[in-house]
Amino acid sequence: MNTRTIKKLKNESTRQRRHLNYRKVSLPRLRNFDRHVQHPFTDQFKKGIFKNDIYFTMKPSFIAWVYIKNIILFNIPAFAIHSILLFLSFMNHIVLNESSSLTTTAGGLQLLTLAYGICTILAFRRINDHMAYYNNTMLLSKYDINQSLVTMIWRTIEPSENKEIEVMDHYRLKFIKQNLFPTIKELALEEQLYSRNIKSKHVAVRQGAEMRYNRFSLDNRREEHIAAKHLADWKQDEYGGANEYDMLIKKYSHRAAPVIRDMIKDLQNDMV
């Protein structure tokens, strides 16, 4: 094994483990997350029409509130700078009788642009962290939704007449981006949550950490990819058109962590 091969293997190993060395992901301080979740099919589940109670998502109003709250909070320093410039401009007008405003000068505009720009970037970084946690938490109950849908289709005589199959397929595609193509941040978040909660003194917290970590394991991700491929082939045979799984890879593979992209390549090679 020459030096070039060793270096290539080291780079490959580092690339695949990038999510283990990711920065600390910020977690939201939310005590009651359930009240921000909408359950449109709870009645169907209670009546026995649907067999699964996994069809729920975050309320759009809550998502909007996450964006608005963080953008406002993180821009407080920029608002303060803007207020100081306006106050100084007002004092110049009162004391020195100068009509020009410091917020319209070249230096003032540059300062405000820099302040608002940095604050907004930091706000969206925090928003992306929180949304990664919320999306993963929503996915927690749907981690095997592709496999569940395959099983339901096989057990149903007329899948096209089963309303739940249609609903499950809708929610499967709604979360398929996070489920099959997790980013480095989303993988890092689960690693960090597991490392923190597995050391808890409370048994329930440790058990919850184990359950969450196992559900988001690479083995489960692999099984979900295989199931998604089976579903895509079935839908193509039933309805024609392009293969859904191939379209998903083209659309979302760019966001996936390197370890996930390598897994997809291995699966594609095995499926050929």
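Quick look at the numbers
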item: Label-point separation in nm, residue 84 to residue 51, each point 7 Å along Cα→Cβ; result: 6.4 nm
item: Global geometry of the stretch 122-180, whether rounded, prolate or oblate, following the gyration tensor of its Cα atoms and the 1.5 cut on a/c; result: prolate
item: Cut-off under 5 Å, modelled amide H: who pairs with residue 57 long-range; result: 38
item: Accessible surface, per residue, of the stretch 23-141 when the full set of protein chains is kept, probe 1.4 Å, Å²; result: 64 Å²
item: In degrees, nearest ten, helix 145-155 long axis to first principal axis of the chain (Cα); result: 30 degrees
item: Charge dipole (the chain, unit charges on Cβ, about Cα centre) - positive-most of 148, 209, 220; result: 209
item: Answer label, with Rg/Rh (Cα atoms, Kirkwood Rh) calculated from the coordinates and candidates (1) 1.11; (2) 0.93; (3) 0.96; result: (1)
item: For the chain: relative contact order, % (alpha-carbon pairs under 8 angstrom, 6 or more apart); result: 21 percent
item: Solvent-accessible area, 1.4 Å probe, carbon plus sulfur percent, for the chain; result: 56 percent
item: Under 17 Å from the Cα of residue 46 - aspartates and glutamates, other chains or at least 8 residues apart; result: 164
item: Relative packing of 186-192, 49-55, 34-40, which averages over residues the other C-beta atoms within 10 Å, highest first; result: 186-192, 49-55, 34-40
item: Using θ = phi - 60° and Karplus 6.51 cos²θ - 1.76 cosθ + 1.60, couplings along the stretch 115-130 (whole Hz; Gly, Pro as x); result: 5, 5, x, 4, 5, 5, 4, 5, 5, 5, 5, 5, 4, 4, 4, 5
item: Cα pair distances of the stretch 93-242 binned at 10 Å [whole percent]; result: 9, 26, 21, 16, 10, 8, 6, 2, 0
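The values are calculated or read from the model by the stated rules, or taken from the named source; none is laboratory data. Bear in mind that the values here come from a model prediction, so they are computed numbers and not experimental data. Note that we place each Cβ from the backbone using ideal geometry, even for glycine, and neighbour counts take in every protein chain shown. In case anyone asks, the SASA skips ligands and DNA or RNA and just uses the protein heavy atoms, side chains included. Shrake-Rupley method; radii C 1.70, N 1.55, O 1.52, S 1.80 Å.
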